[in-house]
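To start, the structure itself, in structure tokens.
The values are calculated or read from the model by the stated rules, or taken from the named source; none is laboratory data. Please read all numbers here as calculations on a predicted model, not as lab measurements. Note that each Cβ is placed from the backbone with ideal geometry, even for glycine, and that neighbours are counted across all protein chains shown. Side chains are part of the model used for accessible areas, which takes the heavy atoms of the whole protein and leaves out ligands, DNA and RNA. Shrake-Rupley method; radii C 1.70, N 1.55, O 1.52, S 1.80 Å.
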Amino acid sequence: MDWIIGAVCAFIVAGAAYAKKSLTLSGCLAAVLMGTIYYGAGNLFWFGTLLLFFITSTLLSKYRKERKQELEKSYAKTGNRDAGQVFANGGMGMLLCLGYWIFPHPAWIYAFIGVMATVTSDTWATEIGSLSRKPPRSVVSWRVLTPGASGGVSLLGTTAAAIGGALIGAGAFIFSWTADFETLGFLSWTCVGLVGGLAGAFADSYLGATVQLMYRCTVCGREVEVSEHCGHKTVRARGWTWMSNDLVNVLSSVIGGCVAIGLGIILAL
């Protein structure tokens, strides 16, 4: 019965997102599959946390969208998410949900919150940070970068990342009331989300500044994540050929999840 409920709820949410053009068709199908597993193999704790990330991130992607349209042309992924981005953001959490279903252990739970806090922090930092009036700085060299450049951080973006991660932690405390495992307190859950999310978000910025595949526009000269910009093909600028934006998201999620595991275990003692 839980699997049917999960499928119906996922279909409703993903269908609405597709109708609002927040998801492509492939993204909609991926979201239905993912939501079904989150609820069927898990419960409201897992499914609710996924929804908290998805709904808040979708709303933020629409916030002052006209000001972010030019920057979005430089990103490999935009607010209209396809299957690749859906799995990059929620696939790791889905595997952790299945892991807990097969072999229950608190480490799966802490890792899940760290992963979801990471993707939320990263998304919030991008959506809100891009509105900063001050240009971002490189997380590696601290030199001033053009807005939207990979590896850049700003005070506004970092603040948004912290709030997003903390929100996932606070949501975990609320959703844990419906679960069948011993839970941490409100402050502890919030701390796990905050620290795990920031660790993952900064890891994402570091990887973006050092090894992510980046291109350069032959027209405007901007460093971008896409293979076409200003109506022309871009040329490779730096990074490892196989280190795509989606892979960077996955690796940073792993880092955020590992940090959350360690912190969760310490706070549970």
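If I ask for residues that are open to solvent by 30 Å² or more (accessible area, probe 1.4 Å) and in contact (Cβ under 8 Å) with a residue 40 or more places away in the chain, which ones from the stretch 159-173 would you list?
If the condition is that a residue be open to solvent by 30 Å² or more (accessible area, probe 1.4 Å) and in contact (Cβ under 8 Å) with a residue 40 or more places away in the chain, then L167 is the only one that fits.
What number of residues in the stretch 10-25 are within 13 Å of F54 (Cα to Cα), open to solvent by 30 Å² or more (accessible area, probe 1.4 Å) and not in a helix (DSSP H, G or I)?
Adding up the residues that qualify gives 0.
Among the residues of the stretch 134-152, write down those that are surrounded by fewer than 16 Cβ atoms within 10 Å (Cβ to Cβ) and assigned to a loop (DSSP other than H, G, I, E, B).
Within the stretch 134-152, the first condition is being surrounded by fewer than 16 Cβ atoms within 10 Å (Cβ to Cβ), and the residues that meet it are 134-135, 140-144, 146.
Result: K134, P135, V140, S141, W142, R143, T146.
Got a number for residues in the stretch 180-213 being in contact with a strand residue (DSSP E or B) (Cβ under 6 Å, 6 or more places away or on another chain) and either surrounded by fewer than 22 Cβ atoms within 10 Å (Cβ to Cβ) or hydrophobic (A, V, I, L, M, F, W, C) (or both)? Steps first, please.
Here is the first cut: in the stretch 180-213, the residues in contact with a strand residue (DSSP E or B) (Cβ under 6 Å, 6 or more places away or on another chain) are 205, 209.
Still in the running and either surrounded by fewer than 22 Cβ atoms within 10 Å (Cβ to Cβ) or hydrophobic (A, V, I, L, M, F, W, C) (or both): 209.
The number of residues fulfilling the criteria is 1.
Of the conditions (1) open to solvent by 70 Å² or more (accessible area, probe 1.4 Å); (2) under 27 Å from A41 (Cβ atoms); (3) touching a residue at least 12 places away in the same chain (Cβ under 8 Å), W177 fails just one. Which one is it?
Of (1) open to solvent by 70 Å² or more (accessible area, probe 1.4 Å); (2) under 27 Å from A41 (Cβ atoms); (3) touching a residue at least 12 places away in the same chain (Cβ under 8 Å), only one is false for W177: (3).
C28 fails exactly one of the following numbered conditions: (1) open to solvent by less than 50 Å² (accessible area, probe 1.4 Å); (2) free of Cβ contacts under 8 Å to residues at least 40 places away in the same chain; (3) out of contact with any Cys (no Cβ under 9 Å at 6 or more places or on another chain); (4) within 23 Å of S176 (Cα to Cα). What is the number of that condition?
(4)
Give all pairs with beta carbons closer than 7 Å in which a residue from the stretch 86-115 that is under 17 Å from G256 (Cβ atoms) meets a residue that is modelled with pLDDT under 95 and among the acidic types (D, E); count only pairs at least 6 apart in sequence or on separate chains.
Between residues of the stretch 86-115 that are under 17 Å from G256 (Cβ atoms) and residues that are modelled with pLDDT under 95 and among the acidic types (D, E), the close pairs are A88/D246.
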